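Just below is one structure, and these are the notes that go with it.
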């Protein structure tokens with residue numbers, strides 16, 4: 001189940017005190033549902049060097065090997081200690097890298113604590129120039145829009161503490177690295193779930209960490225205010241399909257770790273891609289006919305998928321999904 | 001009447017020896033080479049189902065719209081070409097079947113049954129050792145995760161963790177949330193498999209159907225390699241489908257077989273014999289003989 005507060009970064013106490021009763025109640029509700037004491041984490045070995053850590057918020061991909069530990073995403077902040085404890089059970093190696101698939105707190109919440117427990121590989125001229133602090137904490141890699149969303153211009157209040165921010169960002173379509181004996185491709189997917197999404201492909205292990213571009217238990221969450229768009233979601237799903245090669249009988253081969261939900265392979269992504277594409281095509285047809293948002297909602301363009309992906313309650317309802325698709329197709333996506 | 005003690009002792013011994021040779025709980029091992037009998041639902045299984053034929057299947061409105069939207073061109077996409085039938089449907093296909101078992105050599109207990117089916121060659125394991133089903137976060141597969149137990153002479157199998165599949169090859173879906181119960185029953189040289197699908201997403205009632213096989217010790221199942229090829233060029237990422245209310249093929253089944261269009265739309269009601277009376281009555285009231293109502297679409 002997705003966390004209801006994924007769009008909300010934890011508030012500083014001062015900010016919370018300024019809020020009204022309703023907002024405070026919402027915060028309290030969120031905290032109640034994120035009670036770390038009730039969170040049980042599970043590790044599922046996927047294949048090669050990669051395992052899936054479940055229960056910390058968004059799914060976490062953990063790559064372990066002779067070079068140390070690399071994480072894709074870090075879960076909610078309040079679960080960071082448990083994540084660290086679980087990682088120590090999996091490997092005694094140093095945490096060297098964290099890669100963030102996008103900006104939401106259920107995926108970057110543990111950045112600060114987990115990065116602090118690690119160490120960046122540094123030496124030679126780097127250490128010589130800036131001292132021992134060069135190797136403090138694991139490197140946090142993300143598309144630059146993730147950093148832009150987590151930080152703020154000088155003099156303004158940033159939504160997250162500096163210790164949680166990405167330390168290594170990229171603005172191009174792809175960043176490659178080699179760690180634990182395998183090539184790793186970090187592939188930016190523009191304007192999809194947000195404007196800072198990346199998928200991470202472990203080439204030797206043959207595992208893709210998809211982040212919230214792929215959430216097989218719910219309709220895709222399109223964060224329009226942060227640059228999301230249904231067209232980007234579909235493009236990203238097609239990219240995952242293109243990268244993955246199934247084994248015999250369209251099963252296994254490349255495994256896909258979704259942002260939330262069970263471990264998947266290409267066939268599962270195809271089912272999901274088909275759904276999003278069909279809904280997009282239906283809404284697009286209605287937009288072309290000049291139908292209003294209310295008329296589109298009344299036409300129930302998701303009726304056949306609602307029992308599987310839909311919800312009338314919670315933070316991401318079917319209504320909100322249809323509205324996000326409609327707006328994606330009738331408005332220009334935000335560029336940052 | 002004087003009882004012949006020697007004769008009665010012999011009879012008891014004969015019975016005792018006989019009973020000892022009967023397997024525990026009258027289990028009838030389904031292992032063997034089995035050949036499908038296609039007389040059952042032949043038009044659906046061999047030529048293939050008609051588009052728009054949902055008759056007798058307890059689908060809900062969501063399943064109906066998915067089936068209405070389904071376009072056979074989906075099967076041309078490379079990513080769909082090598083999909084095997086999921087385990088709940090596989091018995092219905094071109095299903096030359098092999099069943100064999102794993103035995104724990106120390107205890108002589110059956111650890112698992114395995115099935116191999118000819119089309120696309122899916123192999124499946126039915127665990128008999130009482131192991132639990134896996135947690136939610138484990139991957140789903142075409143064959144799902146199956147456990148079995150004997151109920152008298154019936155092997156009852158419970159399956160979950162299935163990938164999304166199909167109930168009929170005309171677009172009627174079966175969701176990955178479904179659980180399936182199968183009863184595998186051997187009658188000497190015949191095998192009956194009853195499949196009960198519970199799908200909270202797309203069915204309003206359990207859907208039950210049976211499939212039969214006959215023993216065929218001479219059967220040789222050929223390998224079934226599959227390699228996806230592009231035979232019809234589609235733009236990458238395109239998903240063939242019909243927009244709502246645009247599928248002009250839907251009435252063909254109704255028109256061809258002179259079945260009221262409403263009946264072809266399926267639903268739980270159409271599974272039961274009483275529905276025939278309803279159709280006849282409605283046709284009579286409409287002034288036309290039963291079965292002549294033409295599709296309206």
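A few notes on this one:
- Anisotropy class assigned to region A:252-336 is prolate, per the alpha carbon gyration tensor with a/c at or over the 1.5 cut-off and a/b larger than b/c.
- Calculated FRET efficiency for the pair residue B:285/residue A:170, C-beta based, R₀ 51 Å, to 0.05: 0.10
- Put a dot 7 Å past the Cα of residue B:277, heading toward its Cβ, do the same for residue B:44, and the two dots end up 2.4 nm apart.
- Over region A:155-272, relative contact order from alpha-carbon pairs under 8 Å, at least 6 apart, %: 21 percent
- Modelled spin-label separation between residue B:198 and residue B:61, with each label point placed 7 Å from Cα along the Cα-to-Cβ direction: 2.6 nm.
- Average beta carbon contacts from partner chains per residue of A:241-249, 10 Å cutoff: 4
- Ordered by the count of other Cβ atoms within 10 Å of each Cβ, fewest first, A:213, A:308, A:224, A:76 give A:224, A:308, A:76, A:213.
- Residue among B:146, B:238, B:31 with the largest mean-square fluctuation in a Gaussian network model of chain B, springs linking Cα atoms under 10 Å: B:238
- For region B:150-297, Kirkwood radius (reciprocal of mean inverse C-alpha pair distance, Å): 19.6 Å
- Global geometry of region A:13-273, whether rounded, prolate or oblate, following the gyration tensor of its Cα atoms and the 1.5 cut on a/c: rounded
- Most mobile listed residue (B:179, B:110, B:204) in chain B, GNM with C-alpha springs under 10 Å: B:110
- With neighbour counts taken as other beta-carbon atoms within 10 Å, the residues A:66, A:82 rank, fewest first, as A:66, A:82.
- Pair residue A:66, residue A:39: separation of 7 Å Cα→Cβ label points (nm): 3.4 nm
- Averaged over peptide B:135-144, the number of partner chain Cβ atoms lying within 10 Å of each residue's Cβ comes to 6.
- Size of chain B as Cα extents on the principal axes (Å, biggest first): 82, 54, 39
- Distance between region B:157-178 and region B:215-238 - C-alpha centres, whole angstrom: 20 Å
- Distance between region A:184-246 and region A:302-331 - C-alpha centres, whole angstrom: 18 Å
- Taking other Cβ atoms within 10 Å as a rough exposure proxy, B:226, B:82, A:264 sort from fewest to most as B:226, B:82, A:264.
- Euclidean distance between Cα centres, region A:135-170 to region B:25-85, Å: 52 Å
- Across peptide B:50-62, the mean count of Cβ atoms from other chains lying within 10 Å of each residue's own Cβ comes to 1.
- Estimated from helices alone, the mean residue ellipticity of chain B at 222 nm is -5000 deg cm²/dmol (sum of -39500 (n - 2.57) over DSSP H runs with n ≥ 4, per residue).
- Contact order, relative form, for chain B: 24 percent (alpha carbon pairs under 8 Å, 6 or more residues apart, mean separation divided by residue count).
- Once the Cα atoms are used to define both axes, helix B:5-20 deviates from the longest principal axis of chain B by about 40 degrees.
- Global form of the protein assembly as shown, assessed from the alpha-carbon gyration tensor, a/c cut-off 1.5: oblate
- Estimated FRET transfer efficiency (residue B:189, residue B:101; beta-carbon r; R0 22 Å; 0.05): 0.75
We did not get these values from a lab; they are worked out from the coordinates using the rules stated. What you see is a predicted model, and the numbers here were worked out from it, not measured in a lab. Heads up, the Cβs are rebuilt from the backbone with ideal geometry, glycines too, and the neighbour counts pull from every protein chain shown.
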